[in-house]
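Student: My structure is below; once you've seen it, I'll send some questions.
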Amino acid sequence: MIPQKLLLLVTSLSLASATTIPRGVSPEDAKLYAASAETFTCLTHPTIQIPLSRVNDDFCDCPDGSDEPGTSACANLPHKNLSIPGFYCANIGHMPAFLPVSRVNDGVCDYDICCDGSDEWAGVGGVKCPSRCAEIGKAARKMAAEKHAARSKAAKSREELVRKAAVLKRELQDGVAATKTQIAANKVKVAGLKKKLAETEEMERRRAVRNPKPGSRVAVLTSAAKEKSEELRALLKKLREQRDLAEEKLHRTEAILRKFKEEYNPNFNDEGVKSADRDMNAVMEEEVDWEEIAGPEPEEAAKFYQLTQYLPSTAQEWLSTKITEARELLVSNGILAPQKTEGFESAAVAAARDALTAAEREDRDSVNSLADLEKSLTTDFGPSDVFRALKGVCITRQFGEYDYELCFMEKATQKSRKDNGRQNLGSFAAIEMVDETSRNEAAGVFASSWEENHDEPLSGMVLKHDNGAQCWNGPKRSVAVELYCCAENEIRNVVEMEKCVYRMEVGTPAACKEQEAKNQERAKDEL
Ligand SMILES: *[C@@H]1O[C@H](CO)[C@@H](O)[C@H](O)[C@H]1NC(C)=O
């Protein structure tokens, strides 16, 4: 073993060779100390020159500490005055690092930074710091690999979400286009069915003039009367036949009687019988005007039709359409009651009206669904539209006596484990990007309360939720959901900042940086 003092001396002497680096200096900074001259110039104070032998001689000569990179001699200088990054630990087997010079030779192995133990080279107080870089390096590499894996998993998950969001958006756009086409078709269909209804009504009206509508009151009465008359007519016919038969018999009897010179019976030429006979004849010969019995249709259009029937049929159609339009205008302005002939609608008119009502309802539904689709399409779902893919995905976690639930882009809920009571903590309102200061402040809030830390910093992306359940003697509940990048969706922490104002810390791949996706886009652009 070479005594430490001697080692220091050897090191100092070997500086002259310019191939040996002074203790505590990194290979990158070696050139600053490899002066071929006999003197060392303080790095940021070129006017101060010292003999090379005074570098690392455990006495602070330079006001910037540059002459003592390997000792703690300049540790008392204010940090900002130092021109060196600290004591360089090579940490072979792990990663090189700089230790604050105040911790050099302080009798404590600073393995957290100098895993090779080189900081305690003087063995102050007999301290021995064998290198632990092999094990520490291995553990660190394992952790770094895990972190890298977690990050790429998170980045992949985010890409997946972005892809899904793009598909959803395309579907929405297709939906909007299809619905617009549907609406245009519906408008044509409604117009067609309106015309059809008007035509059907008009046709029914015309028919009503010539033939009472089957089933209408007039028709029922008329057909009943007609039936009764037919019965009567048949009865009369039968009676007359019988009378004729009787008369013939009588004539024959008369002839027989006359033949037998019997007395004339005046009853057979009775005036009453004669008049009855005339009545019978009248009834038999009468042509009944059934249209007169049915009575004229009290409809304007019917009267009009009677006038227009002398016009050519094309002119009739035109006039009829005009009248229907005029009527519709009056009806829609509340001047005329909607037409419903005798409170009864024929099957054809009812069918036409039902078809129109159905088409109008379909049209309204399409218009409403178009509004919904367009609203969703214009909603801000964050960078790359990524939160569109998370909409409606819910995560929960228990904190104390409560279960907290967050349904992305929808709402946050607090559920009591004691009484199962649910409190709406607020509905999603907006995505906000906060500045560094608010982010650090938020991180501080969680740092003072969190149960477990997470590797990634807060992203600065905040999902604002408001308009939750009214608080007794307070505001409506609201939650600010602070997001950090994570491979999984998870609730990490919940804090009630002030009465009914909550803060939630949530991990999601959607909050990961967009860098990778952007790079891919750039690569695509360059192709
Ligand atoms: C640190 O540097 C400032 C100027 O940059 C100087 O005024 C001050 O005296 C220095 N402090 C010491 C302890 O050398």
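The values are calculated or read from the model by the stated rules, or taken from the named source; none is laboratory data. Remember, predicted model here, so these are calculated numbers, not experimental data. Backbone-built Cβ (ideal geometry, glycine too); neighbour counts: all protein chains shown. Just so you know, the surface numbers come from the protein's heavy atoms only, side chains and all, with ligands and any DNA or RNA stripped out. Shrake-Rupley method; radii C 1.70, N 1.55, O 1.52, S 1.80 Å.
Student: Quick one: pull the percent of accessible area on region 4-131 belonging to carbon and sulfur, 1.4 Å probe, ligands and nucleic acids left out.
Tutor: Here carbon and sulfur together make up 61 percent of the probe-accessible area.
Student: While we're here: Given the peptides 63-76, 349-362, 375-388, arrange them by the average over their residues of other C-beta atoms within 10 Å, most packed first.
Tutor: For the peptides 63-76, 349-362, 375-388, the packing ranking is 63-76, 375-388, 349-362.
Student: Give me the net charge for the shell around Asn467: Cβ to Cβ below 11 angstrom, other residues only, Lys and Arg +1, Asp and Glu -1.
Tutor: With Lys, Arg at +1 and Asp, Glu at -1, the neighbours total +3.
Student: At what distance in nm do the modelled label points of Lys196 and Glu28 sit from each other, each positioned 7 Å from its Cα along Cα→Cβ?
Tutor: Rounded to a tenth, the inter-label distance reads 8.1 nm.
Student: Length gain on complete extension for the stretch Asn453 to Lys415, per 0.36 nm per residue less the alpha carbon to alpha carbon distance? Show your work: numbers first, answer last.
Tutor: Details: separation 38, 0.36 × 38 = 13.68 nm, distance 2.44 nm.
Stretched fully, the Asn453-Lys415 segment lengthens by 11.2 nm.
Student: Give me, ordered by chain and number, the residues 5 or more places off Leu43 or on other chains with an amide H under 5 Å from its own placed amide H.
Tutor: HN-HN under 5 Å from Leu43: Ser66.
Student: Could I ask something else about it? Assuming 0.36 nm per residue, please report the length gained on full extension of the stretch Ala443 to Val176 beyond their Cα-Cα distance.
Tutor: Once the chain is fully extended between Ala443 and Val176, it gains 92.0 nm.
Student: Additional query: Please list the non-local residues whose amide H lies under 5 Å from the amide H of Ser459, H modeled 1.01 Å from N, same-chain partners needing a gap of 5 or more.
Tutor: Those qualifying (amide H under 5 Å, at least 5 residues apart or on another chain) are Leu483, Tyr484, Cys485.
Student: Any chance you could check the Cα centroid distance between region 55-117 and region 380-436 for me, in angstrom?
Tutor: If you average the Cα positions of each part, the centres end up 49 Å apart.
Student: In addition: Compute the length gained on full extension between Val108 and His45: take 0.36 nm times their separation in residues and subtract their Cα-Cα distance, giving the result in nm to one decimal.
Tutor: That works out to 19.5 nm of additional length.
Student: If packing is taken as the average count of other Cβ atoms within 10 Å, what order do 25-32, 489-496 fall into, highest mean first?
Tutor: 489-496, 25-32
Student: Okay, moving on. Taking θ as phi - 60°, what are the ³J(HN,Hα) couplings along region 174-184 by the Karplus curve (6.51, -1.76, 1.60), each to the nearest whole Hz, with x for Gly and Pro?
Tutor: 4, x, 5, 4, 4, 5, 5, 4, 4, 5, 4
Student: Something else now. So, for region 383-526, what is the accessible surface per residue at a probe of 1.4 Å, expressed in square angstrom? Don't jump to the answer; show the numbers that get you there.
Tutor: Numbers: 7400 Å² over 144 residues.
On a per-residue basis, 51 Å².
Student: About the Cα centre, and with charges only on the beta carbon of Lys, Arg (+1) and Asp, Glu (-1), how big is the dipole of region 4-131? Nearest 20 debye, please. It would help to have the intermediate numbers written out before the result.
Tutor: Values: 7 positive and 15 negative charges, 24 e Å.
Rounded to the nearest 20 debye, it is 120 debye.
Student: Something else now. Output the relative contact order of region 420-489, whole-number percent, from Cα pairs under 8 angstrom with separation of 6+ residues. Present the calculation step by step, with values, prior to reporting the outcome.
Tutor: Numbers: 109 pairs, mean separation 27.5, N = 70.
Relative contact order comes out at 39 percent.
Student: Quick check: net charge around Leu43, other residues with Cβ under 15 Å of its Cβ, Lys/Arg +1 and Asp/Glu -1? Mind showing how you got there, number by number?
Tutor: Values: positive: Lys31, Arg54, Lys80; negative: Glu28, Asp29, Asp61, Asp64, Asp67, Glu68.
In short, -3.
Student: From the cross-link list Lys187/Lys391; Lys196/Lys375; Lys415/Lys499, which pairs have alpha carbons spaced over 27 Å apart?
Tutor: The pairs that break the limit, which is 27 Å between Cα atoms, are Lys187/Lys391; Lys196/Lys375.
Student: Rounded to whole Hz and in sequence order, give me ³J(HN,Hα) for region 494-503 from the Karplus expression 6.51 cos²θ - 1.76 cosθ + 1.60, θ = phi - 60°, writing x for Gly and Pro.
Tutor: Rounded to whole hertz, the list is 9, 10, 8, 5, 9, 3, 6, 10, 9, 10.
Student: For Lys476, list long-range residues whose amide hydrogen, built 1.01 Å from N in the peptide plane, is under 5 Å from its own amide hydrogen.
Tutor: Residues meeting the criterion, in which the H sits 1.01 Å from N, are Cys471.
Student: Where a ≥ b ≥ c are the square roots of the eigenvalues of the C-alpha gyration tensor, would you call region 4-131 rounded, which needs a/c under 1.5, or, failing that, prolate if a/b is larger than b/c, or oblate?
Tutor: Prolate is the answer for region 4-131, as a/c is 1.5 or above and a/b outweighs b/c.
Student: If each of Glu436 and Met95 carries a label point 7 Å out from its Cα toward its Cβ, how far apart are those two points in nm?
Tutor: About 2.1 nm separates the two model spin labels.
Student: Working with all protein chains in place, sort Ser313, Ser416 by solvent-accessible area computed with a 1.4 Å probe, largest first.
Tutor: Ser313, Ser416
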